[in-house]
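Below: one structure, written as structure tokens.
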Amino acid sequence: MVSSIKNLPSDVLNKLQSQVHVPTLSSAINELIQNSIDANASSINVVIDTQTLSFQITDDGEGISPSDMTQIGKEHFTSKIRSTADLQDITTYGFHGMALYSISSISQTTVLSKRKGYHGTRVIKLPNGPSLLFSSDKQYIDVRDQLISGEPFDVQGSGTMILVRNLMYNLPVRSNMAKCEPEYKIQNAIRELVLRLLINNPHISISVKQLTQSTKKLENVINYLGMTESKRPVDSYVNILRSIYGSVVPLNSLKSVILKYKSFVVEGVISRHPIKLKSIQFININKRRYMNPTLLKLINTLFRNSNFEPQDTAVTYVGRPYTYYPMFIINVTGNANINDLIQDPSKCVHEATLHEIIDPLIMRVCKSFLIARGYMTKENNDNLPYLSNDKSSKDIKDGDVSTVTAQSDEFHANLILDSNVRAGCTNYSELQGRYDMVPTAKNVALFAKGNIAKPILKSRRSTETNKNSIITKISNAILDVPTEYTLSESYCNHEFYLNKEFKINKTDLLNCHVINQIDKKFILVKITSHKNRSNSELYILDQHAGDERIKLEQYLKKFVTDVITDTLYVQPINEMTIEVTVSEASMFEHYISELRRWGIYTRIERSEPTLKIDSISDELLNKCGTDTAFLKNVLLQHVNDLITNKRISLLSQLARQNRLLQNNNTNMDTWWQYINCIPAFYLEIFNSKACRSAIMFGDQLTKTECSLLIKNLGKCQQPFQCAHGRPSLVPISEIKAVNPTDTSSLTELLIIMTIDSPNNTPETLFNIRDTTWGGRSCFAVKDIPKNTVLLELSDKTGSSIQYEFRKEVCHYCFKYGNGYSMKFKIDKSHIGQLILQKQNLWLKSRLNKFRGAGLWFCSDECLHNYLSIPKIIELIEIYEILLDNYSKMQKRENPDDSMEKKLNSVEISQPIIDSMWEEIETQWIPSVNKTKITKRERFLPVISEDEYNCARFIADSLFNINSYEPGSSTMKSFWNLQSNELNKMKRFPILLHFQQLVFKTLYVLLPDRYRPQMTIPVFRHIMGSEYGNAFGIWQEDESVDSREYFGYWVFPKASYFNHSCAPNITKSRIGNKMYFTLNKDVET
């Protein structure tokens, strides 16, 4: 049923109106201090009790006459004005007649006042209490719960005391919220309001004390004694600032500024030293607070663009681990306007009526200060932030204010893709070096799930194309485009791409096709959208930005996991003492638990005040060492970010996550949920670390390495921007699918992709070409007669002898002993000198127990040939370690087959494979690394003969990969081998468990110089490319039906000769070489 419209009851209306005039404890104090100033008080004393929301204010002002005592506290009763005309020349703060009325409606208020010339003090309890003469018999109690035993004011004196108890007692929700407000916030609000009032009243002394309920003791918050005379405003401002905020800046740091224009005077002080607190920025207009956030933002931008920050820190950093702000007090006086007085019940000015004059004057003062201090020159006046509606510019001459507009460069702006992606610190030289005439895009948006959408390409290229530019190099690469595909338009003709949408997500990255590396800087990829399979797009990836993002998220994931599980390692340090101001001490004290969770253990000494630091995290200690200035700045930055909600409190986020877990809402990416909690200085540390460790411009990458990089990037939370917020991926062109016009001749459908070829085959005989049925194959480029040897190879990347033949096969020439053991083994006499040369400490300590590393040879010649291989002692050491531990592990109980059953019960897919390897990387490896080396043996799994043989194969592969030149044809071919991991594991799921057992064994046992090389991607590539690309090591001079299989080896260059339904090539082994010979004539 709809209720009829009625007038609100007065008690309800009073409570609602109080929210407008006194929303907080500090706002109530502000109103009553202003009343004291309006009463011409020279001394004001404030006592506050934040726990009960009570306070008392005592002044020595004119007091209230007995006749007026019955009128105070009534709505709209005031002595300040009688008509709106009085507002034009008003000099007092108050005039609404609402302060005491609003306060008394939500509190227990008592007013004691004495007017000069009267013999007694009058007392009234609001609201609606009678006005009585003060008498000690009446038992008046102050905020400290102490009896006011005698007359509060001298016989010849005057003044007023207002006791406010239990503010908001009749508004329980507001009261509870106010009592939860941190003390430092209340104190900072009071400091700010007192400073603003003292700017125009420096002669008044103000004391603010806070009552501690447990001890009933008073703690000084503000103790300003006032100034009798001041020839310069700067003197009073300095005195006010230091009395309220302490030694925020050095004594001589504040510099006076003044500017006069017509009837306006802008004067104040600006500190030569920037500070961490953004809150110490005050602008008053005719005694009233000027609350213009846009203007403050412009001022801060101006100072930041002028590099207004200290340069004396001993700690080096790339970005901005913390932010600096100017500290200033600016007081504007001029013609008053009624509109400025009635904008807000708190009497603040939100937009000055004459802002088109006042705002430019303030900006001119700031610019003049920066010029005088050498941060800016008169020539770069155009760098001032833009001020709209500047009507005063025509009138203001030199020394005054002129219109300022910001110059914009279209190439620079659009090159950052004009996007929501954070641009970071970008400069022209960097852009030219990274992008070199790359077409620009607009309107790129990052979606919550990591999508890039809707870049519209626009040409910014010169009419003369630089032959060394990236575009030219991409052009050369794209010229050899497959006939199955065609570029819809030349990628240089960007008119076609106006309003063209390119949209991809993280899944598209995982399924993209890598063409190749470009200019050792970029990776060219073809992406087929998951929504439109008929067309594809070409994108260019900044290899440094991509790898930087991968490493950043790896570092952050480990770090955040340690933080949220409370396992972050901290280092005890000798007590570090940092001087702080009173307000800073209050903030640090409030966030002491928050800082501790981030590995920073602090204590506050209130008497001095100082911040004591007992322990800090390894990451922070390595960055700042004992630089207390840097440490103080970064800690203040985080505290300020928490206060201004730029960062989320970790403790509150953990509490929220726990509530979600209790409600069984566990569908979340754990570590990423805390990304907005990480302190800025930690982000900067990891950004810098990721940048330094990432792949650089100029680093050559194989196609496989490019593919691994793209795949890992697709797993990131934010794959489309680097650690510094810049875009990492840019669209180049669209590729449309077409049907082949003729399929009669196979050669007409062959694609010669120059940039996709290993460039390691004898191209005088054949080429590597794509086929219509998938994959690539070898095609003759001229007629080749029968019995021609196409390849003769000895440069294997890995080999392994079956365990049962380990003693019967020579490990150098693979000669078979026909069931008899080889007679030659490596002993300590053979390797003693090599150990001394290579400093293999493990072998040296085990020389007397050396078992031969599981190697046998058919002759002394083969033995010495094997030992003459460069650095072979390193491989022997690994073999010996594997052999020694394999024997030990056989004594353990065999593991159960639960994993095999588990894998056989599910359908293997790429996500399952990736997730199991991710578990190894994020859980198992960190556990091993945290364990002492002497205790790591407990992580060794029990392995079989097959897994032992595979471990030896991986060891041999790592040794050979380390031995070959990175740019050699063998290594290029190896990294271009196709991985058959998924297909093989779909048929044999247990292979996934098999591989992980081998990886764990090697990770624990490998010497330190090899462990970093055996990353999971490298291990998976070795294993994945072995499936389908390995050749068998067979017995020589025996028929196919009767020969023995000794093991397997991998020759990357010959992988194209390993698969055929109708082979025309005969494979044969002679010693440790493979020969590939045509068994019939081949025509082109």
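Summary of computed values
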item	result
Highest to lowest packing among 971-984, 70-83, scored as the average C-beta count within 10 Å	971-984, 70-83
Relative intensity, log₁₀ I(q)/I(0), of segment 941-1048 from a Debye sum that treats every alpha carbon as a point, q = 0.22 Å⁻¹	-1.31
Among 948-956, 258-266, the order from most to least packed when residues are scored by Cβ within 10 Å on average	948-956, 258-266
Förster-model FRET efficiency, 35 Å R0, ILE933 and ASP614, C-beta, rounded to 0.05	0.75
Full-stretch length increase - ILE81, ASN252 - with 0.36 nm per residue and alpha-carbon distance subtracted	57.3 nm
Distance (nanometres) between label positions extended 7 Å along Cα→Cβ at SER944 and ILE371	8.4 nm
In Hz, Karplus ³J(HN,Hα) per residue of segment 1005-1022 (6.51, -1.76, 1.60; θ = phi - 60°; x = Gly, Pro)	9, 4, x, 4, 6, 9, 4, x, 6, 8, 6, 4, x, 5, 4, 5, 5, 4
Efficiency of FRET between ASN305 and SER4 - r from beta-carbon atoms, R0 45 angstrom, step 0.05	0.15
Largest to smallest accessible area among MET916, MET985 [probe 1.4 Å]	MET916, MET985
Given LYS209/LYS287; LYS796/LYS849; LYS179/LYS646, the pairs whose alpha carbons are separated by over 28 Å	LYS796/LYS849
Over segment 776-824: Kirkwood hydrodynamic radius from C-alpha pairwise inverse distances, Å	14.4 Å
Gained length - LYS520 relative to ARG1009, 0.36 nm times residue gap less alpha-carbon distance	173.4 nm
Net charge contributed by nearby residues that have their C-beta within less than 15 Å of PHE974 (K/R +1, D/E -1)	0
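The values are calculated or read from the model by the stated rules, or taken from the named source; none is laboratory data. Keep in mind that this is a model prediction, so the values were computed, not measured. FYI the Cβ positions are ideal-geometry reconstructions off the backbone, even for glycines, and counts take in every protein chain you see. Side chains are part of the model used for accessible areas, which takes the heavy atoms of the whole protein and leaves out ligands, DNA and RNA. Shrake-Rupley method; radii C 1.70, N 1.55, O 1.52, S 1.80 Å.
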